[in-house]
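Here's the structure we're looking at; comments come further down.
The values are calculated or read from the model by the stated rules, or taken from the named source; none is laboratory data. Please read all numbers here as calculations on a predicted model, not as lab measurements. Using ideal geometry, Cβ is built from the backbone for each residue, glycine included, and neighbour counts are taken over all protein chains shown.
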Amino acid sequence: MLGSLWFNSFSAGGGGAAADYELISTTVLGSSAASVTFSGLGTSAAAYKHLQVRYVANGDSASYRNRMRLNGDTGTNYATHLLFGTGSSVVSAAGTSTTEMALSSGANTSNVFNAGVVDLLDFQNVSKNKTMRALVGSNGEVALTSGVWLSTSAVTSVSLRPDAGNFITGSRFSLYGLK
Amino acid sequence: MANAMVALANLTLGSAQQTITFTNLPTSGYRDLILIANTQHTSSTAPFNQFWAKVNSSASDYYFVRMMGDGSSTSSDSFSANGKIELTLDSAAGSGQFSRTRFDFFDYLETDKHKSFLARLDNAGQGPQQVAGRWASTSAITSISVYAAVDTWVAGSSFALYGIVSA
């Protein structure tokens, strides 16, 4: 038996529903870029407890992994653990004292974009290090990742980049705030 | 600011049903779609624990990787040019549990890319399963169907579709 739900009209914005999950900013690349940064979060995201990044991206390198950096900190102040399925096995990997946190991998295949949903918790709290968790994946890999930025500073900017090459045109990154 | 996660439709089954289809999806205003299902099958043994999905009724060109753990071991497999998206740890009849399945479809209206998706099925009785993949088409997604693969879902199973606003 087929059950169908029909939609006749929609209004983006929720028709007055309580707004506890809100769009802060979206970037859709009109040309390739080495990185994408959401900045000024001390002001634009001040009303939120947590942040979420949703992305669908591709790079121009034959092999790359997306990375996330906070507040432009290039020091070895990050760690990431990954549990990922390769299509034939499940592998666990970790990086400590790294300069960024790891997200999804990708390859420069036409039309094939990798995707991720990344939660950055309690990003304004100045008494704890900042933790990240994500579900990410691509054509050839699915991964659960957890990461930390060893800093109690409030997060004021979030940057993503591929660790080789550039993000290509059409890559999209959206930042949301959760109250 | 406006709410960025908007409920588009929801359905709770009043009787057993095999297929749910969300049609006439919004053609503007949203960037991503999230589908959340809470399901239990009317049959109790494999292969009656399969949760399938298709978009636009397309019966080809799904590429995806799965990762699962059952409490004692882990495994991962992959599919190419498959006829549907397949998840395999849905709750069986008599388990006393309903699984929770979530699909995220990214940029579902954009015609410059294949349609990437992430999915996760949580079943306390059998373990979690994560999936990442794509529908290898640049067409916009206009409908989403989910299926109890070879049996039906019990009354009380629910399905909700949300739109994620992205300017």
| message | Let me confirm something: among A:80, A:74, A:98, which residue is surrounded by 18 or more Cβ atoms within 10 Å (Cβ to Cβ) and away from chain B (no Cβ under 14 Å)? | response | A:80
| query | Is there a residue in the range B:67-83 that is within 14 Å of the chain's Cα centre (by Cα) and in a strand (DSSP E or B)? | reply | no
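To keep it simple, each residue is scored yes or no on (1) more than 7 Å from chain A (Cβ to nearest Cβ); (2) at pLDDT below 95; (3) under 29 Å from residue A:54 (Cα atoms); (4) in contact with a Cys (Cβ under 9 Å, 6 or more places away or on another chain).
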| site | (1), (2), (3), (4) |
| --- | --- |
| B:3 | no, yes, yes, no |
| B:14 | yes, no, no, no |
| B:22 | no, no, yes, no |
| B:31 | no, no, yes, no |
| B:34 | yes, no, yes, no |
| B:38 | yes, no, yes, no |
| B:41 | yes, yes, no, no |
| B:47 | yes, yes, no, no |
| task | Note down all Cβ pairs under 8 Å where the first residue falls in the range B:153-167 and is at pLDDT 95 or above, the second is basic (Lys, Arg), and they're at least six residues apart or on different chains. | result | B:164/A:54; B:164/B:31
| request: Report, by residue number, each residue of the range A:36-70 that is over 19 Å from residue A:138 (Cα atoms), more than 11 Å from chain B (Cβ to nearest Cβ) and of a type outside the set (A, V, I, L, M). | output: A:37, A:38, A:39, A:40, A:42, A:43, A:49, A:50, A:69
| query | Out of (1) under 15 Å from residue B:145 (Cα atoms); (2) more than 10 Å from chain A (Cβ to nearest Cβ); (3) not hydrophobic (A, V, I, L, M, F, W, C), the odd one out for residue B:102 is which? | reply | (2)
| What strands (runs of 3 or more DSSP E), lying completely within the range A:67-107, carry at least 1 residues that are at pLDDT below 95, under 14 Å from the mean Cα position of the chain (by Cα) and closer than 16 Å to residue A:135 by Cβ? | A:101-106
| query | With respect to residue B:145, is the statement that it is over 20 Å from residue A:140 (Cα atoms) and part of a strand (DSSP E or B) true? | reply | yes
| said: I'm trying to understand the selection: among the residues of the range B:58-84, which are of a type in the set (A, V, I, L, M) and more than 19 Å from residue A:111 (Cα to Cα)? | reply: B:59, B:67, B:68
| remark: Filtering the range B:19-28 down to residues that are of a type outside the set (Val, Ile, Thr) and surrounded by 17 or more Cβ atoms within 10 Å (Cβ to Cβ) yields B:22, B:25, B:26
